[in-house]
Amino acid sequence: MTAGDIKVAAVSTGGTTGGNEAIMKYIWEHENWPKLTWESEPLLPLISKARLEQGKLLTKVASLGFKLGQEARADILTEEAIKTSAIEGERLNRESVRSSVARHLGLPTGGLTPTNRYVDGLVEVLLDATQNYDKPLTTTRLKRWQAALFPTGQSGLRKIRTGNWRGSEHAMQVVSGAFGREKIHYEAPPGNRIEKEMKQFLSWWEKSLAQEEGLLRSGLAHFYFVTIHPFEDGNGRIARALTDMALAQDEKFSTRYYSLSSQTMEERDDYYAVLEKCQKRSVDITEWLQWYLECYSRAVERVEQLIANVLAKAEFWHHHNQTEINERQRKIINRLLDAGKGGFVGGLTTRKYVAMANVSRATAFREISDLLEKGLFRQNPAKGRSVSYGLNWSSGVR
């Protein structure tokens, strides 16, 4: 079984069923729920390491100017939106997401792909969670988030309940496998318990801000919310938004310069495995918190390359700030800059330029020639019959 096989399904039967499932208790069925517990000893060195990485990152980004900070923020938010959806099997168009992010952050949008209601809704949720981290988390706010994720009231081809908790008619199960041979990985609390469960969660959220270590609290919030699974769909994305909100509250900083969802996507199978394991036993979730803290540290460590790319991009445009080019050319150059050195596989051909800029072959050839003449492009060493081009990095980045 892989993470890609997992899906959420509403079923007409309730309770645990089948073989060992009959005697196995889900975590929310234990009498001590929702008082989650953990062992401090194995977590303390992980918290120390995570705090060290966090401190190094915040020191580094403090040296970025406002414009550089906004560019880095846009890149991270774009990545976060794409990857938090990818974890749930939803694939978003990167250019559409980048366009929505740029518009919401007040960055230039010329030449960017038009966005859509679904992408805008997701970006608004992610921004609200971090920009407004100091505002109360309420039932109304959570329901608005979920409604924003599904502006048409549909999840794929399926009509779902939006802006409200899931109903009590069906149990909500996380399953994998072909029809008729499904494996149940988890079954959430029945719908008639959701109102009570969420009141307890929101009370915990408020009280824990002053009682729990900040990084631990962000991991606890994710596990607690996704275990309740209060909505028909969107629970994972909202859980990750809550994680970002808890981290913003801990850092007292509304800007994320790392993407926890990107790292979670890289470790998606482990993410689902540790969730399932801890949701099928007692209220001790030490193993989940160990994985979460390690994942957090790896997410922060990975941001080094992103910051390097943002700085390289800024230096390139600083060098060419007086060079006259049109919006199509700027769009193509930004695509190559976003890919990084050597990251645009196969180089830029005339055919690719035609497709990306939506122009004729003659126009593409003319605009590429213009960029070559002005020193922004260079021709790659010949490989086969196809001529390709790349950025002239040496002209703008030391």
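Which residue is surrounded by the most Cβ atoms within 10 Å (Cβ to Cβ), if the candidates are limited to region 40-73 and must be farther than 29 Å from residue 288 by Cβ, under 22 Å from the mean Cα position of the chain (by Cα) and among the hydrophobic types (A, V, I, L, M, F, W, C)?
72
Results for (1) among the hydrophobic types (A, V, I, L, M, F, W, C); (2) under 17 Å from residue 241 (Cα atoms), shown as yes or no for each residue.
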site	(1), (2)
146	no, yes
151	no, no
156	no, no
163	no, yes
172	yes, no
178	yes, no
203	no, no
209	yes, yes
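Would you call residue 188 within 22 Å of residue 284 (Cα to Cα), of a type in the set (A, V, I, L, M, F, W, C) and modelled with pLDDT of 95 or more?
For residue 188, the condition - within 22 Å of residue 284 (Cα to Cα), of a type in the set (A, V, I, L, M, F, W, C) and modelled with pLDDT of 95 or more - is not met.
Among the listed residues 86, 3, which satisfies the condition of being at pLDDT 90 or above, within 26 Å of residue 185 (Cα to Cα), surrounded by 12 or more Cβ atoms within 10 Å (Cβ to Cβ) and not polar (S, T, N, Q)?
So the residue among 86, 3 that is at pLDDT 90 or above, within 26 Å of residue 185 (Cα to Cα), surrounded by 12 or more Cβ atoms within 10 Å (Cβ to Cβ) and not polar (S, T, N, Q) is 86.
Tell me, yes or no, whether region 315-333 has at least one residue that is outside the structural domain of residue 391 (by TED's automatic domain parsing), modelled with pLDDT of 90 or more, aromatic (Phe, Trp, Tyr) and out of contact with any strand residue (DSSP E or B) (no Cβ under 6 Å at 6 or more places or on another chain).
Within region 315-333, none of the residues are outside the structural domain of residue 391 (by TED's automatic domain parsing), modelled with pLDDT of 90 or more, aromatic (Phe, Trp, Tyr) and out of contact with any strand residue (DSSP E or B) (no Cβ under 6 Å at 6 or more places or on another chain).
If you go through region 146-163 one residue at a time, how many are assigned to a loop (DSSP other than H, G, I, E, B) and either out of contact with any helix residue (DSSP H, G or I) (no Cβ under 6 Å at 6 or more places or on another chain) or outside the structural domain of residue 236 (by TED's automatic domain parsing) (or both)?
The qualifying residues number 7.
Mind listing whichever residues of region 173-213 are of a type in the set (Phe, Trp, Tyr) and buried (at least 18 other Cβ atoms within 10 Å of the Cβ)?
186, 201, 204, 205
Scan region 74-91 for residues that are part of a helix (DSSP H, G or I) and either outside the structural domain of residue 124 (by TED's automatic domain parsing) or more than 10 Å from the chain's Cα centre (by Cα) (or both) and report the count.
Here is the first cut: in region 74-91, the residues part of a helix (DSSP H, G or I) are 74-86.
Restricting the remaining residues to those that are either outside the structural domain of residue 124 (by TED's automatic domain parsing) or more than 10 Å from the chain's Cα centre (by Cα) (or both) gives 74-75.
Selection size over region 74-91: 2.
Kindly provide the set of residues from region 261-290 that are closer than 27 Å to residue 72 by Cβ and free of Cβ contacts under 8 Å to residues at least 40 places away in the same chain, ordered by number.
263, 266, 267
The values are calculated or read from the model by the stated rules, or taken from the named source; none is laboratory data. Since we're looking at a predicted model, the values are computed, not measured. Note that we place each Cβ from the backbone using ideal geometry, even for glycine, and neighbour counts take in every protein chain shown.
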